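K.L.:
Sharing a structure here in structure tokens format.
The values are calculated or read from the model by the stated rules, or taken from the named source; none is laboratory data. Source: prediction; values computed, not measured. Cβ sites come from the backbone with ideal geometry, for glycine too, and all protein chains shown count toward neighbours. To get the accessible areas, we keep the full protein, side chains included, count just its heavy atoms, and leave off ligands, DNA and RNA. Shrake-Rupley method; radii C 1.70, N 1.55, O 1.52, S 1.80 Å.
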Amino acid sequence: MPIPKVLVFSRKAPEEGGISSILSQEGYQTEWTDSGPTAICEALSGALGACIIVVSRNGDREVDYSPCLNRVDPKLPIIVISEHDSVELQRRIRRHRVYYYLLMPINREEIRAVLRSAAPLTPRRRKRS
């Protein structure tokens, strides 16, 4: 089974020890973009195991791409990681199909569990009926 590719959509460039580094250390293939249209094109390819949207303190417009990502790949797990929390942001996230919502600082064990559930590194065994 191929290694799942996780797209990190963030306005900030990846930093050492950040989410992209954690994903790579966990065994995921990672890609980064700061462009919503690029994230949508990646989702259209059907090659993504998950998409992580990082919401910065400077704005939360990245979340507005969730419905588009849901439409182009309805099975794509979208994980939102935010530097801040607000009632309005939570409302916006709830309107979309978001797999999981996390707040920074990132708890490595939590992100590991979420990713293993959303985009397993090993194939899931199918139950016999």
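K.L.:
Select from the range 2-23 the residues that are over 14 Å from the mean Cα position of the chain (by Cα) and over 16 Å from Val54 (Cβ atoms) and list them in ascending order.
P.N.:
Passing the criteria: Pro2, Ile3.
K.L.:
Say whether the condition of being touching a strand residue (DSSP E or B) at 6+ places or on another chain (Cβ under 8 Å), under 27 Å from Glu15 (Cα atoms), open to solvent by 60 Å² or more (accessible area, probe 1.4 Å) and without any contact (Cβ under 8 Å) to a residue 24 or more places away in the chain is met by at least one residue in the range 109-120.
P.N.:
Yes; the residues of the range 109-120 include at least one that is touching a strand residue (DSSP E or B) at 6+ places or on another chain (Cβ under 8 Å), under 27 Å from Glu15 (Cα atoms), open to solvent by 60 Å² or more (accessible area, probe 1.4 Å) and without any contact (Cβ under 8 Å) to a residue 24 or more places away in the chain.
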